[in-house]
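Heads up: the structure comes next, in structure tokens.
The values are calculated or read from the model by the stated rules, or taken from the named source; none is laboratory data. Here the structure is a predicted model, which means the values were calculated and not measured. Virtual Cβ from ideal backbone geometry, glycine too; neighbours counted across all protein chains shown. Remember, those area values only see protein heavy atoms, side chains included, never the ligands or the DNA or RNA. Shrake-Rupley method; radii C 1.70, N 1.55, O 1.52, S 1.80 Å.
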Amino acid sequence: MNLNSQTFSSNRKTKIFNNPERFTEGWYWVIPSQNLRVGEVKPVTILGRELVIYRGKDKRLVTFDAYCPHMGAHLAEGKVEGNALRCFFHHWKFDAEGMCVNIPCLDTPPSLKLQTWPTAEKYGMIWVWTGEIPQQPLPFVPELEDKECDVAIHSHFLMNCHPNVVMINAIDAQHLNTVHKLPVEIIFERQELNENAIIFTNTTPIKNDSFFIKLIRLFYKNAITYSVCYWYGSINIVTFGPDFFHVHMMFAVRLHEGGKAEGQILLITKKRKGFFGWLCNRIVLWLTKIAGKFFLMGDIKVVQTIQFDLKTPIKADHSIMQFINHVEKQQSLMWGTWQEGRSRDVENKPKRERWQDKMSND
């Protein structure tokens, strides 16, 4: 590979990647679904923006900007009434579309509308789209796209580096050999899933001839799969295992104040029926947890102290440079304001209205 021919240059300043003031327009996790019951309203702050989120009587999730347009009272102090939210201060009432539908001292309320944000549930988490209309589906495990899933929320974390830097760890071929001692020559193949999602897959065979490796080879024909699916440059889904048994881990990360990374680790498997299916899933999720600990060992201390600067890329960094290019092509938004950091290409502008989702919890 001729590094000089790459569209990414280590000397070029990136617009989104590792930029503490920019993030990609997309779906971002808010809180676990179980933390918001019917009739509850909660304050949340994500990507520098203060929001309120509530679950109406119909179980639908609604997300508004946090402050009442009358005098600026925080709407999280208010009360859910049916499928609407009433401000605590002067009792102005807003429906699920953000329209002001009642003011106690007026017969007819003025035409006011709160800023609302598309909200949905998947894999046991609540997600918010940071733009007007979702352009892509909620992040999903490619192998389990159309399947019901069991999910375990493993842990919450805060890292002292940008989410993009946390993400590249999974496709850093060198560190998989040096830190984790994987007996595999890592060579990734890239596949663009859509403009906001990319998959890196390694299927090279294990070269180790230890007794354990020879033993497990009796139970599968193909090479062990190791693939990473990225969404919006800050979510990755790692799929790992022989052909008869894959485990899936999602690292859902969002930009935190000061350029840090705040994330949730989700363990995911397809739902199996009956008691024995439930028991099998508990074992699978437990094994996934063990696999997750293996990949996290040694990495945490690196991402907590790293000052990322890819000054000297080599051939083994090819996938990392491809990922950076992928991130740079996406729509950037500014921290706090969620306004566009740069415009989309003209050819991409008409693409609103194209995504639909059931907005239901898996």
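Of a type outside the set (A, V, I, L, M, F, W, C) and modelled with pLDDT of 95 or more: is that true of ASN160 in this structure?
Numbers: of a type outside the set (A, V, I, L, M, F, W, C): yes; modelled with pLDDT of 95 or more: no.
No: the conditions fail for ASN160.
When you scan the stretch 234-258, how many residues do you find that are in contact with a helix residue (DSSP H, G or I) (Cβ under 9 Å, 6 or more places away or on another chain), at pLDDT below 95 and of a type in the set (Gly, Ala, Ser)?
Matching residues across the stretch 234-258 total 1.
Just to be sure I understand the filter: pairs with C-beta atoms under 7 Å, separated by 6 or more residues or on different chains, first member in the stretch 35-54 and under 15 Å from THR116 (Cβ atoms), second member open to solvent by 10 Å² or more (accessible area, probe 1.4 Å) and acidic (Asp, Glu). Which pairs pass?
Final answer for the pair search is LEU51/ASP65; TYR54/GLU40.
Residues of the stretch 290-339 being aliphatic (A, V, I, L, M), under 22 Å from ILE198 (Cβ atoms) and open to solvent by 60 Å² or more (accessible area, probe 1.4 Å), which ones?
ILE314
Can PHE140 be described as assigned to a loop (DSSP other than H, G, I, E, B) and under 28 Å from VAL238 (Cα atoms)?
Values: assigned to a loop (DSSP other than H, G, I, E, B): yes; under 28 Å from VAL238 (Cα atoms): yes.
So PHE140 fits the description; yes.
Evaluate the following for LYS122: is it open to solvent by 20 Å² or more (accessible area, probe 1.4 Å), under 16 Å from the mean Cα position of the chain (by Cα) and among the basic types (Lys, Arg)? First the steps, then the outcome.
Numbers: open to solvent by 20 Å² or more (accessible area, probe 1.4 Å): yes; under 16 Å from the mean Cα position of the chain (by Cα): yes; among the basic types (Lys, Arg): yes.
When the stated conditions are applied, LYS122 passes them.
What tally of residues in the stretch 18-34 results from selecting those that are farther than 14 Å from HIS256 by Cα and either without any contact (Cβ under 8 Å) to a residue 12 or more places away in the chain or assigned to a loop (DSSP other than H, G, I, E, B) (or both)? If you could, list the steps in order and put the result at the bottom.
Kept after step one, since they are farther than 14 Å from HIS256 by Cα, are these residues of the stretch 18-34: 25-27, 31-34.
After this cut, where a residue has to be either without any contact (Cβ under 8 Å) to a residue 12 or more places away in the chain or assigned to a loop (DSSP other than H, G, I, E, B) (or both) as well, the list is 25-26.
So the count comes out to 2.
What's the total number of residues in the stretch 244-263 that are surrounded by 22 or more Cβ atoms within 10 Å (Cβ to Cβ) and either out of contact with any strand residue (DSSP E or B) (no Cβ under 7 Å at 6 or more places or on another chain) or aliphatic (A, V, I, L, M) (or both)?
Summing the residues that are surrounded by 22 or more Cβ atoms within 10 Å (Cβ to Cβ) and either out of contact with any strand residue (DSSP E or B) (no Cβ under 7 Å at 6 or more places or on another chain) or aliphatic (A, V, I, L, M) (or both) in the stretch 244-263 gives 6.
On the given criteria, is HIS90 in contact with a His (Cβ under 7 Å, 6 or more places away or on another chain) and open to solvent by 30 Å² or more (accessible area, probe 1.4 Å)?
Numbers: in contact with a His (Cβ under 7 Å, 6 or more places away or on another chain): yes; open to solvent by 30 Å² or more (accessible area, probe 1.4 Å): yes.
Against the criterion (in contact with a His (Cβ under 7 Å, 6 or more places away or on another chain) and open to solvent by 30 Å² or more (accessible area, probe 1.4 Å)), HIS90 qualifies.
Hey, among PRO110, PRO69, PRO134, which residue is crowded, with 21+ Cβ neighbours inside 10 Å, in a loop (DSSP other than H, G, I, E, B) and in contact with a strand residue (DSSP E or B) (Cβ under 9 Å, 6 or more places away or on another chain)?
So the residue among PRO110, PRO69, PRO134 that is crowded, with 21+ Cβ neighbours inside 10 Å, in a loop (DSSP other than H, G, I, E, B) and in contact with a strand residue (DSSP E or B) (Cβ under 9 Å, 6 or more places away or on another chain) is PRO134.
Against the condition buried (at least 19 other Cβ atoms within 10 Å of the Cβ) and at pLDDT below 70, how does LEU182 come out, does it pass?
Working: buried (at least 19 other Cβ atoms within 10 Å of the Cβ): yes; at pLDDT below 70: yes.
Spelling it out, LEU182 is indeed buried (at least 19 other Cβ atoms within 10 Å of the Cβ) and at pLDDT below 70.
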